[in-house]
Amino acid sequence: MFCLNYYPYCSYLDEADELKIYYHHPNQKIEEILQKYPNKMIIIDIANTIDDLDIKLLIALYEKYHNFKILIDVYDTDNINKIQESKIPFFFTNFVNHIDQLYGLMQYHPTDMYICEELGFFLDKVSTILHQNNIKVRVLPNICQSSFLRGLDSIKTFFIRPEDIPAYSTFVDVFELISDQNTQPTIFKAYQQHKWFGKISEIIPSFHGELNSRYIMDNFGIIRSQCGKRCMYKPGSCTICDRFIEVADTLKKNNISIMHSYKNP
């Protein structure tokens, strides 16, 4: 499943599974969006400060429409309690990068959870825990993620190429793409079609380097999705990312591109 930001005049909105909107009171368009996309899940981000009137409005909307979820900050305790009492499905804006945080947020029974940074290399284990508790795994594939980026090679941060979506779909329920209105159509089509014939940095701007996606072997995503980041926990025990770069350099020098075997759904 793919989640896109809702831009009123952006193409491909009809092809997304979820649409994300930001709540700004007063906002008379929320009901229009819910009516327009009855078969899509609408994610309403209320991370900004809201008052009792806003909560009452959302509760009233949920009595009429059930195709939305609330996105809220975990520290907004008062509003979390009100949303829980109203039975509106919700999850947190907070990104989860370690196991203590994961178990802490699970006690609130959210519908989804953002998994990022180091936990992105343990998705086989993380997805098992969350799915056993009926919680969906969400990731931001087109951003390089690490708790400390300075000095760390981009190849060793958590990100997902378009070609690797099939490999990660075993563990991930929702791929939420981050982009502005101008770049969203291009990024969405690349991830939807599982292919990008260019530099990784062109579609994942936070990636530093000249590595070209067309020279990366097919098993790149399969290995990284459950590697446990052994290169950090057991230095010297895994150099697979470095090997991928070496192979990519060799292929580039010999003008040989990888014909990716993944098929579109």
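Please treat every number below as a calculation from the coordinates, not as lab data. Everything numeric in this text was worked out from a predicted model, so none of it was measured. Here the Cβ positions follow ideal geometry from the backbone for every residue, glycine too, while neighbour counts run over all protein chains shown.
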Inset, instruction - Please identify, among 229, 29, 252, the residue showing maximal mean-square fluctuation in a Gaussian network model of the chain using a 10 angstrom Cα cutoff. - result: 29
Legend entry - 18 Å reach of a label modelled at residue 108, 7 Å along Cα-to-Cβ, counting backbone N of the range 61-78: 68-78
Legend entry - Two-decimal log10 I(q)/I(0) for the range 154-263, as the Debye equation yields it once each C-alpha is a single scatterer, q = 0.21, 0.22, 0.23, 0.24 Å⁻¹: -1.28, -1.38, -1.47, -1.55
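Sort 9, 191 so the one with the fewest other Cβ atoms within 10 Å of its own Cβ comes first.
Details: 9 6, 191 22.
Neighbour counts put them in this order, fewest first: 9, 191.
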Inset, instruction - Work out the charge dipole of the range 94-265 with +1 on the Cβ of Lys and Arg and -1 on the Cβ of Asp and Glu about the Cα centre, then indicate which of 165, 200, 236 is farthest towards its positive end. - result: 236
Legend entry - For the chain, built as a Gaussian network whose Cα springs stay under 10 Å, the top-fluctuating residue of 127, 86, 179: 86
Legend entry - Helical contribution to [θ] at 222 nm, DSSP H n ≥ 4, -39,500 (n - 2.57), averaged over the chain, rounded to 500: -9000 deg cm²/dmol
Legend entry - Highest-MSF residue in the chain out of 223, 187, 178 [GNM, Cα springs under 10 Å]: 223
Inset, instruction - Please give the FRET efficiency for residue 29 paired with residue 75, using the beta carbon to beta carbon distance and R0 = 30 Å, rounded to the nearest 0.05. - result: 0.65
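Relative contact order for the range 36-99: what is it in percent, counting Cα pairs under 8 Å that are at least 6 residues apart? Intermediate results must be reported in sequence, preceding the final value.
On the way: 63 pairs, mean separation 23.0, N = 64.
Reported relative contact order: 36 percent.
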Legend entry - Separation of the residue 223 and residue 22 label points, Cα + 7 Å toward Cβ, nm: 3.9 nm
Inset, instruction - Add +1 for every Lys or Arg and -1 for every Asp or Glu among the other residues with Cβ under 9 Å from the Cβ of residue 21, and state the total. - result: +1
Legend entry - Virtual spin-label span in nm between residue 189 and residue 242, 7 Å along Cα→Cβ: 3.9 nm
Legend entry - Approximate spin-label separation residue 15-residue 65, in nm, with each point projected 7 Å along Cα-to-Cβ: 2.4 nm
